[in-house]
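The values are calculated or read from the model by the stated rules, or taken from the named source; none is laboratory data. Computed from a predicted structure; not experimentally measured. With ideal geometry, Cβ positions are generated from the backbone for all residues, glycine too; neighbour counts draw on all protein chains shown.
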């Protein structure tokens, strides 16, 4: 097969067996003429313009681009999706600042990644399942969140099972008002009939079919029929996500080729998942799991025969659910359940496009997007043929197998480099400091499951007017498609309280500056992006801390806050100012436990004011920041409240001192 160099706007795919996926249309040998990003003609007798670039597709099968109906986009996975023939991904919740920029059509074309259908952020309760979740605890909050997301032009609303009932109902009500469908798992203890009457139109996981109190190990197929009839009668659709369960009884091995194409943070999580199953799963557990998998396959076949709209989704990049190839493996589960390969292919193309409202894709017809996949075998006879992608036409741009392999190799090389960086110390420059007496300097390192992720240097200065200023510079390594971030923080403490702050965040060539000052009993917060004024926002509460991704915040809390709740200013993923409440508890050693809307934080301190260690957990993500070195510069350090010092001194009497200076 030969694809000519990219020169012109006309492309002709010649000689392949074309599976148009138009209802009742049989595959045919035809030429597909593409103009720009659209299909112009599908005809066996079309005259090929002399200026067209020709793709020799003889011996190949041509299908529409695949649609993955359930995943979580990471920019570093674009090449994986496209190499597997996935040209559209439906993202069920992400970091808002990232997903809104990533879904832009010009950005999608620039990086040659799949188009994104997005929910923005997943709506969740407390504690949230992920740091990227939008936490809503009431009907009003949920309505406001959906309205804000709608203003950002989301495609649907995603909810997590942890969302409370009132918030869920508020989300469904506002979504209906805005013409958006609500998708997510069935909430624990919620009846399917109640979810349908409340307005949820899409369900993730076959668990939505289980009667109350029943599990897959014991349920009989006849018990699932009322749920299937309810789904079909309610016009609701289902993402079965069979692989989410089937993967549990498999052992891919630590040398699996998929791992090399994932970033170090994913590699670590995937391998930890594998080791956990190896140590915990007994022969009996595996046997029981296989029974459940068999019943889920039977349930899926019954759902397909009942006529419930089914949307295949990979669930990537959860452990062992790979971006791109994970969709093909999901479809193989469908085929193993007894669903014909032709029906599997239809579900991943035309069917998904119809159910999800993606009218410009899913079939090979004039006027549709030119998302095409060329495969070696016949996927309508064996869905496994989708694993033999020979070329992809991505919105009119041809990508040969060699092109796809080059992108995959580049991804593996980049991930190896990042893994090496994560295992080496991170260099970071000291922060700029104001004139005054230097009380304390510290160097910190932050480690996640994948290795080192950030480093920070902090300086504490008593300025000439007596105000204590905490200065920090933090460097965060690239991850998840980000090119790396530097955070500069300066927090000023006066009369035992936070008096002002300045935060600078630099990444992807841009600088966001946030400055805040107490004025006439309220806070005035100014924001600038790349030097250009954005706005001034006001907060009337007496702010106790600033959530700014810097250890200076924990030092400020140690120096100024007692046990109890206090207001914290932060910026959501849309860079909008909001005031949330953190709650501080002190143990007998003076260590700090902080409960926040997104998770918990723990910090232990020295009598000299330096944080010895900071532990943060949001959902299943754990990060620890450790003090590597400190210097008191001949002073007593950062002054702490007397009651905290007393607790620390009592604890020190029973603990050996480390002798660090």
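Residues satisfying the criterion are absent from the range 33-42 (criterion: farther than 30 Å from residue 101 by Cα, in a loop (DSSP other than H, G, I, E, B) and either out of contact with any helix residue (DSSP H, G or I) (no Cβ under 6 Å at 6 or more places or on another chain) or modelled with pLDDT under 95 (or both)).
Taken together, 391, 410, 370 contain a single residue that is within 29 Å of the chain's Cα centre (by Cα) and within 26 Å of residue 267 (Cβ to Cβ), which is 410. Annotation: residue 152 fulfils all but one of (1) surrounded by fewer than 24 Cβ atoms within 10 Å (Cβ to Cβ); (2) modelled with pLDDT of 95 or more; (3) within 16 Å of residue 134 (Cβ to Cβ); the unmet one is (2).
Taking the conditions exactly as written (free of Cβ contacts under 8 Å to residues at least 24 places away in the same chain, surrounded by 13 or more Cβ atoms within 10 Å (Cβ to Cβ), over 28 Å from the mean Cα position of the chain (by Cα) and over 30 Å from residue 477 (Cα atoms)), does residue 214 satisfy them or not? Yes; evaluated as a whole, the condition is true for this residue. Taking the range 116-140 as the range and being modelled with pLDDT of 90 or more, touching a helix residue (DSSP H, G or I) at 6+ places or on another chain (Cβ under 9 Å), under 26 Å from residue 67 (Cα atoms) and in a loop (DSSP other than H, G, I, E, B) as the test, the residues that pass are 119, 120, 121. Only one entry of 564, 544, 609, 604 meets the criterion of being under 16 Å from residue 643 (Cα atoms) and in contact with a helix residue (DSSP H, G or I) (Cβ under 8 Å, 6 or more places away or on another chain), and that entry is 609. Every residue in the range 63-83 that is more than 17 Å from residue 243 (Cα to Cα), touching a residue at least 60 places away in the same chain (Cβ under 8 Å) and within 12 Å of the chain's Cα centre (by Cα), please. 74, 75, 76, 77 - these are the residues of the range 63-83 that are more than 17 Å from residue 243 (Cα to Cα), touching a residue at least 60 places away in the same chain (Cβ under 8 Å) and within 12 Å of the chain's Cα centre (by Cα).
Matching residues to (1) exposed (fewer than 14 other Cβ atoms within 10 Å of the Cβ); (2) touching a helix residue (DSSP H, G or I) at 6+ places or on another chain (Cβ under 9 Å); (3) not in a helix (DSSP H, G or I):
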residue	(1), (2), (3)
161	no, no, yes
169	no, yes, no
188	yes, no, yes
202	no, yes, yes
208	no, yes, no
222	yes, no, no
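Selection of the range 482-521 for residues being within 23 Å of residue 426 (Cβ to Cβ) and loosely packed, with under 14 Cβ neighbours inside 10 Å yields 483, 508, 509, 510.
Suppose the filter is assigned to a strand (DSSP E or B), touching a strand residue (DSSP E or B) at 6+ places or on another chain (Cβ under 7 Å), without any contact (Cβ under 8 Å) to a residue 24 or more places away in the chain and buried (at least 16 other Cβ atoms within 10 Å of the Cβ); does residue 525 pass it? So residue 525 fails the test. On the basis of being at pLDDT 90 or above, closer than 26 Å to residue 214 by Cβ, out of contact with any strand residue (DSSP E or B) (no Cβ under 8 Å at 6 or more places or on another chain) and loosely packed, with under 15 Cβ neighbours inside 10 Å, does residue 307 make the cut? For residue 307, the condition - at pLDDT 90 or above, closer than 26 Å to residue 214 by Cβ, out of contact with any strand residue (DSSP E or B) (no Cβ under 8 Å at 6 or more places or on another chain) and loosely packed, with under 15 Cβ neighbours inside 10 Å - is met. Summed over the range 267-298, the residues that are without any contact (Cβ under 8 Å) to a residue 60 or more places away in the chain and either over 23 Å from residue 336 (Cα atoms) or surrounded by fewer than 17 Cβ atoms within 10 Å (Cβ to Cβ) (or both) give a count of 19. Filtering the range 609-630 to residues that are under 17 Å from residue 460 (Cβ atoms) and buried (at least 18 other Cβ atoms within 10 Å of the Cβ) leaves 609, 610, 611, 614, 625, 627, 630. A Cβ distance below 6 Å, combined with a sequence gap of six or more or placement on separate chains, defines the contacts here; from the range 190-206, residues that are at positive phi reach residues that are outside any helix (DSSP H, G or I) in the pairs 205/185; 205/241. Screening the candidates 367, 351 for the property of being touching a residue at least 40 places away in the same chain (Cβ under 8 Å) and surrounded by fewer than 19 Cβ atoms within 10 Å (Cβ to Cβ) yields one hit, 367.
In the range 74-114, the residue that is surrounded by the fewest Cβ atoms within 10 Å (Cβ to Cβ) out of those that are in contact with a strand residue (DSSP E or B) (Cβ under 7 Å, 6 or more places away or on another chain) and assigned to a helix (DSSP H, G or I) is 108. Considering (1) over 23 Å from the mean Cα position of the chain (by Cα); (2) at pLDDT 95 or above; (3) part of a helix (DSSP H, G or I), the lone condition that residue 328 does not fulfil carries the number (1). Screening the candidates 438, 493, 408 for the property of being in a strand (DSSP E or B) and in contact with a helix residue (DSSP H, G or I) (Cβ under 9 Å, 6 or more places away or on another chain) yields one hit, 493.
Of all residues in the range 261-302, those being outside any helix (DSSP H, G or I) and under 21 Å from residue 205 (Cβ atoms) number 1. Taken over the range 174-186, the residue count meeting the criterion of being surrounded by fewer than 17 Cβ atoms within 10 Å (Cβ to Cβ) and at negative phi is 3. In the range 590-600, the residue that is nearest to residue 461 (Cα to Cα) out of those that are modelled with pLDDT of 85 or more and touching a helix residue (DSSP H, G or I) at 6+ places or on another chain (Cβ under 8 Å) is 592. Being crowded, with 16+ Cβ neighbours inside 10 Å and within 30 Å of residue 280 (Cα to Cα) is a description that does not apply to residue 228. When 252, 258 are checked against the criterion of being surrounded by 14 or more Cβ atoms within 10 Å (Cβ to Cβ), in a loop (DSSP other than H, G, I, E, B) and at pLDDT below 90, a single residue qualifies: 252.
Of all residues in the range 9-34, those satisfying the criterion of being surrounded by fewer than 21 Cβ atoms within 10 Å (Cβ to Cβ) and either farther than 15 Å from residue 366 by Cα or touching a residue at least 60 places away in the same chain (Cβ under 8 Å) (or both) are 9, 14, 15, 17, 22, 23, 24, 26, 27, 28, 29.
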